[in-house]
1. To the nearest 0.05, what FRET efficiency results for residue 52 and residue 110 with a Förster distance of 25 Å applied to their C-beta separation?
2. Measuring from label point to label point, each 7 Å out along Cα→Cβ, what is the residue 41 to residue 158 span in nm?
3. For every helix of n ≥ 4 consecutive DSSP H residues, a contribution of -39,500 (n - 2.57) applies; sum these over the chain, divide by its total residues, and give [θ] at 222 nm rounded to the nearest 500 deg cm²/dmol.
4. Which one of 67, 96, 136 has the biggest mean-square fluctuation once the chain is modelled by GNM with Cα springs under 10 Å?
5. If you line up the Cα atoms of segment 9-158 on their principal axes, what length do they span on each, largest first, in Å?
6. What angle do you read, to the nearest 10 degrees and between 0 and 90, between the alpha-carbon axis of helix 135-158 and the longest principal axis of the chain?
7. Take the Cβ-Cβ distance between residue 136 and residue 23 as r, set R0 to 25 Å, and report the resulting FRET efficiency rounded to the nearest 0.05.
8. How would you rank 143, 48, going from fewest to most other Cβ atoms within 10 Å of each one's own Cβ?
């Protein structure tokens, strides 16, 4: 008697692992809460599904020393915020922009910022790659990245 291959094959296992990573960040988010002393802040919203997000960061010496998020929304937007804040802590503003560019390219979103990073540099954010199959959900996955970039733009405009 021949053994039947596992349902879903190898890709099914990877997708299941990614689903677990997303759910873990949703159920136990990293960097959720207010950041006292933040000098870079922005609010973001996805009106299509009601996701709301506030990003606050402490920038010093051109680096994102700490970054946090608050808000509510779907599992994709909230887990993406958790993953993104983990990845961006301690990075220079230039690195944040380059990593964000790489992240957006993963979804097929055009970016003008050149990036020295590749998908493997995205850490847990790579688990959201499957979202590109659902174009309406891409905005959920990108909400935290766009809001973080907005907070850094506001910081730079202040000239602190």
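Computed from the coordinates by the stated procedures, all read-outs in this text should not be read as laboratory data. Keep in mind that what you see is a predicted model, and the values were worked out from it rather than measured. Virtual Cβ from ideal backbone geometry, glycine too; neighbours counted across all protein chains shown.
1. After rounding, the FRET efficiency stands at 0.45.
2. Distance between label points: 0.8 nm.
3. On the way: 4 runs with 71 residues, N = 160.
-15000 deg cm²/dmol, from helical runs alone.
4. Its mean-square fluctuation being the largest, the pick is 136.
5. Here the spans come out as 51, 32, 25 Å, largest first.
6. 20 degrees
7. Numbers: r = 20 Å, r/R0 = 0.81.
So, using R0 = 25 Å, E works out to roughly 0.80.
8. Working: 143 28, 48 10.
By the 10 Å Cβ count, ascending, the order reads 48, 143.
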